[in-house]
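The values are calculated or read from the model by the stated rules, or taken from the named source; none is laboratory data. Worth saying up front: this structure is predicted, and the values here are computed from it rather than measured. Here the Cβ positions follow ideal geometry from the backbone for every residue, glycine too, while neighbour counts run over all protein chains shown. In case anyone asks, the SASA skips ligands and DNA or RNA and just uses the protein heavy atoms, side chains included. Shrake-Rupley method; radii C 1.70, N 1.55, O 1.52, S 1.80 Å.
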Amino acid sequence: MSAVPESPARPTVTEREAREVAEAAREQDWRKPSFAKELFLGRFRLDLIHPHPLPADDDVERGEEFLAKLRDFCETKIDGATIERDARIPDEVITGLKELGALGMKIDTKYGGLGLTQVYYNKALALVGSASPAIGALLSAHQSIGVPQPLKIFGTREQKETFLPRCARTDISAFLLTEPDVGSDPARLATTAVPDGDDYVLDGVKLWTTNGVVADLLVVMARVPRSDGHRGGITAFVVEASSEGVTVENRNAFMGLRGLENGVTRFHRVRVPASQRIGEEGQGLKIALTTLNTGRLSLPAMCVGSGKWCLKIAREWSAAREQWGKPVALHEAVGSKIAFIAATTFALEAVVDLSSQMADEDRNDIRIEAALAKLYGSEMACLMADELVQIRGGRGFETAESLRARGERAVPAEQVLRDLRINRIFEGSTEIMHLLIAREAVDAHLSVAGDLIDPEKSLGDKAKAGAGAGLFYAKWLPRLVAGPGQLPTAYGEFKHGVDLSAHLRYVERTSRKLARSTFYAMSRWQGKMETKQGFLGRIVDIGAELFAMSAACVRAELLRGRGENGREAYQLADAFCRQSRIRVEELFGRLWSNTDDLDRKVVKGVLSGTYAWLEQGVIDPSDDGPWIADATPGPSERENVHRPIR
């Protein structure tokens, strides 16, 4: 065996270099239409989502058959209270899920999977996640971002035939990107994969590896050094978790998802055959981002499940609990919270189902829709759970076990709030999602005017860009002046007792207003636009609300047309749109009237210690350990807590 070169030190990169790495990884082209992209450009393309796309009959039959089996399993085999108490999913439960085929929900039947559509995969996650969020997270991490999804898109025939049958029935997989000192800035990735003959040799430490403690197969992102015959760059590999040199050094514990098998994984001179590299060298981040285009839909799907549960508990409790002579639900202060939960659950399910069906049909590019669904779902689900805790009062703050011990119904409201909180961080934090979506939303502008606002471009490049931008904006800007949203009869097919057409006209008008605001901001700040994260976040949030309003109206019309609670669906869509419009108007006001500049000054003062006097008078219960654990490559000095389930 030849000697393996020492791993290079952690790369140091500038902010611009980090942005260039991220930009190179994103999918550049738009080969298919995108409803959300058009929405940010001021073009309300209702035709892309209405009539609501529907699954094929055989997909429905197969999906419903599995959901029935899964429901029976959840009701008879899963004890969420036990998982919460013991902070572990019993091995026999995971074994039962394997036998049921739950590990292979998204895997093609020719590899031993169930071949469910994205729609039914998400419904299954919502169902099992309501029984135990930890199990939902396990199944999602395994299939949405673990080995099956990247191999489905980028794997070779041999890789699919080797690994997918295992993933469908027996092997749990995990996705390893994050490191102790690397989160959403992969340009600084330190784990290396050094070529050595027909192998790569991996060295490094990965943090927060969901499923890592019990995984059999790992998708690992590592940096390949550039050398003769190797283009290098961040690269994806399938790694056997049982390989020599792989050590799970710690099983992490969190405020929620107590059954989550999440750990710290160290690689020390782990040999991986080149045949287990996914894609080409340097494609790792592109593979990760492409995988997440649909993989992100799993989180909002489970948020839908949580919203449905919150609504059920709010309804039952608020009807039973009386204050001042009537049920608390009939007091306006409580009733408004219930209305918010009901309307938001309806809209969130509409967003997830619409995005999922579009993913199944593959007619549209849904990268923005999936990202908006993840962002919106994770934020709104937390708000709904928080409102449920408030509705329940002291009982909402009390644990289910304590409620049971004193003779009351064991309602885990506080647990759901804790479990949901991670969704605002998982698979892209809210802040990162804002930036990611904003980048896609302004892509058309950067394509024609990017060089014009780039301070490092030459005058010649700027002149060329200026000419191109002039042609683009000469055609685009006039279209933002008027549209169907100003015609009282537009979208009249959405008027059946309750009038939803007015909301769609509002979406059309507001889409144009949003595009005008974005253009004005680019004109005002030019190259500094990327630093205006507060502004960009509000732009994205407005777009998310408009997408949700559109989805809610389209879903209501679908249900009406099918005779499935159509009148009630119209009422819920109307309530949601009215609530959403208030939020949109507030966000527009905050685009230009905010404290962003002052906040930056205060932040500088905080960091410089100007306000350190404000911290006096308390005791810090933290210990004096390092903020970030040492991740120096080398052999593990800790016990391996890896425990594959067989």
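Points to keep in mind about this one:
- Any hit, segment 484-499, residues being crowded, with 23+ Cβ neighbours inside 10 Å, in a helix (DSSP H, G or I) and in contact with a helix residue (DSSP H, G or I) (Cβ under 8 Å, 6 or more places away or on another chain): yes
- The residues in segment 120-160 that are of a type in the set (V, I, T), in contact with a Cys (Cβ under 9 Å, 6 or more places away or on another chain) and open to solvent by 10 Å² or more (accessible area, probe 1.4 Å) can be counted, and the count is 0.
- Lone unmet requirement of (1) touching a residue at least 12 places away in the same chain (Cβ under 8 Å); (2) open to solvent by 50 Å² or more (accessible area, probe 1.4 Å); (3) over 28 Å from E332 (Cβ atoms) for R367: (2)
- Picking from residues in segment 209-235 that are free of Cβ contacts under 8 Å to residues at least 40 places away in the same chain and charged (D, E, K, R), the one that is nearest to D171 (Cα to Cα) is R226.
- Count of segment 599-634 residues, restricted to those that are under 30 Å from D203 (Cα atoms) and either surrounded by 10 or more Cβ atoms within 10 Å (Cβ to Cβ) or at pLDDT 95 or above (or both), is 6.
- Per the conditions (1) under 21 Å from K286 (Cα atoms); (2) open to solvent by 10 Å² or more (accessible area, probe 1.4 Å), the sole criterion not satisfied by T170 is (1).
- Given (1) at pLDDT 95 or above; (2) aliphatic (A, V, I, L, M); (3) under 17 Å from L285 (Cα atoms), number of the condition L39 does not satisfy: (3)
- Residues that are open to solvent by 20 Å² or more (accessible area, probe 1.4 Å), of a type in the set (G, A, S) and over 22 Å from H642 (Cβ atoms), drawn from segment 194-250: G197, S227, G229, G233
- Test: residue in segment 262-274 that is of a type in the set (A, V, I, L, M), open to solvent by less than 10 Å² (accessible area, probe 1.4 Å), modelled with pLDDT of 95 or more and touching a helix residue (DSSP H, G or I) at 6+ places or on another chain (Cβ under 9 Å): no
- Among the residues of segment 262-298, the ones that are outside any strand (DSSP E or B), among the aliphatic types (A, V, I, L, M) and touching a strand residue (DSSP E or B) at 6+ places or on another chain (Cβ under 6 Å) come to 2 in all.
- Residue pairs whose Cβ atoms lie under 7 Å apart, sitting 6 or more positions apart in sequence or on different chains, and linking a residue in segment 236-249 that is touching a residue at least 60 places away in the same chain (Cβ under 8 Å) to a partner that is among the acidic types (D, E), are A241/D216.
- Filtering L591, L572 for residues that are in a helix (DSSP H, G or I) and either open to solvent by less than 10 Å² (accessible area, probe 1.4 Å) or closer than 14 Å to A441 by Cβ (or both) leaves a single hit, L591.
- Taking segment 390-433 as the range and being open to solvent by less than 40 Å² (accessible area, probe 1.4 Å), of a type outside the set (D, E, K, R) and part of a helix (DSSP H, G or I) as the test, the residues that pass are I391, G396, A400, L403, A413, Q415, V416, L420, N423, T430, M433.
- Residue in segment 127-154 that is nearest to the chain's Cα centre (by Cα), counting only those that are over 24 Å from D79 (Cα atoms) and hydrophobic (A, V, I, L, M, F, W, C): I145
- Looking across segment 170-219, the residues that are more than 24 Å from I94 (Cα to Cα), in a strand (DSSP E or B) and of a type in the set (V, I, T) come down to V182, T192, V194, V201, V205.
- Any pair with Cβ under 7 angstrom, 6 or more apart, that starts in segment 432-448 at a residue that is within 28 Å of G470 (Cβ to Cβ) and ends at one that is open to solvent by 40 Å² or more (accessible area, probe 1.4 Å) and hydrophobic (A, V, I, L, M, F, W, C): V448/F472
- Among the candidates E408, E369, E387, E398, residue that is closer than 23 Å to L514 by Cα and at pLDDT 95 or above: E369
- For segment 100-119, filtered to residues that are among the β-branched types (V, I, T) and assigned to a helix (DSSP H, G or I), the residue that is most open to solvent (accessible area, probe 1.4 Å) is T109.
- The lone criterion from (1) more than 22 Å from T117 (Cβ to Cβ); (2) open to solvent by less than 10 Å² (accessible area, probe 1.4 Å) left unmet by E332 is number (2).
- Members of segment 147-163 that are within 20 Å of T209 (Cα to Cα) and in a helix (DSSP H, G or I): P148, Q149, P150, L151, F163
- Segment 550-565 - residue that is of a type in the set (G, A, S) and surrounded by 18 or more Cβ atoms within 10 Å (Cβ to Cβ) and, of those, farthest from the chain's Cα centre (by Cα): A556
- Within segment 64-99, the residues that satisfy the criterion of being open to solvent by less than 40 Å² (accessible area, probe 1.4 Å), touching a residue at least 24 places away in the same chain (Cβ under 8 Å) and assigned to a helix (DSSP H, G or I) are F66, L67, L70, F73, C74, G80, I83, E84, V93, I94, L97, K98.
- Sole exception among (1) open to solvent by less than 10 Å² (accessible area, probe 1.4 Å); (2) at pLDDT 95 or above for T291, by number: (2)
- Candidates T294, T247 - the one that is under 30 Å from A134 (Cβ atoms) and either aliphatic (A, V, I, L, M) or under 19 Å from the mean Cα position of the chain (by Cα) (or both): T294
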